[in-house]
Structure formats: C-alpha cells, structure tokens
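Peer 1: Before we start, here is the structure in question, set down as structure tokens.
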C-alpha cells in the first residue's frame, strides 16, 4: 500500500478523533482533546497517513531536537490503524515514515509500542516490523494488567480479595495498567 504522510493540523481534529474512535487499536489517550493538553510542552508532529485519499493510520507524535517521538506526553503510543491493515502494510508505512522524516530534517525516530491489551484484537505487528526493520529496543517497561471484571471467576478468589492482598504487600493494582511498553529507536541518517 502506498501512503501519503501529512502532518496533523488543528483543522484536521474532527477527522483525527473520528478515526481514533473507529480504529481497532485506538484508545482515549489518542483523542486530540487529551493530547492537546500538552500543547504548551511539546512540539506536536503527529502524522496522518492517507492511501488513495482515505485516512488509514495516525501517529500521535512530537518532535524534539531532530527526533520524531511517539508522543512523549503519553504513557504509550504507536500507529493507530484502520481496519484490514496487514503487517506488510505496516512495514510499508514505517518505510514511508522514514522517508518523510529524512525529508523534514528528522534524524531519528523514538517509537513507543502500545501494549496489545488495550487493542480490540491482540496484535504485535508493529513490534515485528520494528525488529524486522532494524530498530533497536532500548527500553522495556514492566507493569501489570488485571482484568478485574473476569479475574474473580476462580473459586475462593475475588477481585476485592486480590486488591486487599496487593495493598498489604505494597503492590499497586489499578484497572487498565499495561503489560509492557516497549521503546524502539532508529537513526534515519
């Protein structure tokens, strides 16, 4: 798939938000109202990827000192993808992002992988593409996700019991914590 990458501008806010809402891996952190809270601290350089005039992907991002960051104001990031987006399409999108970066005096990319637990369909395609494209994994954050709605299904174990036990052992449990956040980087030139 061929992509045209366009830098996000405020007039594209409604299109961005509708795309995130409909995407299979969009989350509330990627809505412009949430992201723009940081507008005074980060130089936004979010990208919108079009193919044949149709929006296919968005990347919450900022630029700092010649590096395109998968947005530093967010816990995690990564490409938000439309339906029927294959791993090969994603690989093409990363290549196009590197061409775009080189053409905009961006010397490197720092990409924060989004934990699959927050996606409608578990998928690690971007981790594969990053590895396959020679990106370097330089950091992996560890935290945990407990499905409080379904975790109490075992006899004698309830979500409340787990939370109480965790509190007495100084372990913090919050609904929706992530399993892993991966940070990848590459040098464009």
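Peer 1: Please report how far the C-alpha centroid of segment 94-137 lies from that of segment 1-64, rounded to the nearest whole angstrom.
Peer 2: Cα centroid of segment 94-137 versus Cα centroid of segment 1-64: 15 Å apart.
Peer 1: Where Rh denotes the Kirkwood radius from the mean inverse Cα pair distance, what is Rg over Rh for segment 24-87?
Peer 2: Using only Cα positions, Rg/Rh for segment 24-87 is 0.98.
Peer 1: Considering Cα pairs under 8 angstrom that are at least six residues apart, work out the relative contact order of segment 58-97 and quote it in whole percent.
Peer 2: 31 percent
Peer 1: D for segment 1-109, whole µm²/s, Stokes-Einstein with Kirkwood Rh over alpha-carbon pairs at 20 °C and 1.002 mPa s: what number? Numbers along the way, then the final one.
Peer 2: Values: Rh = 13.9 Å.
Stokes-Einstein gives a translational diffusion coefficient of 154 µm²/s.
The numbers here are math on the coordinates, done by the rules we state, and not lab data. What you are looking at is a predicted structure, and each value in this text was computed from that prediction instead of being measured.
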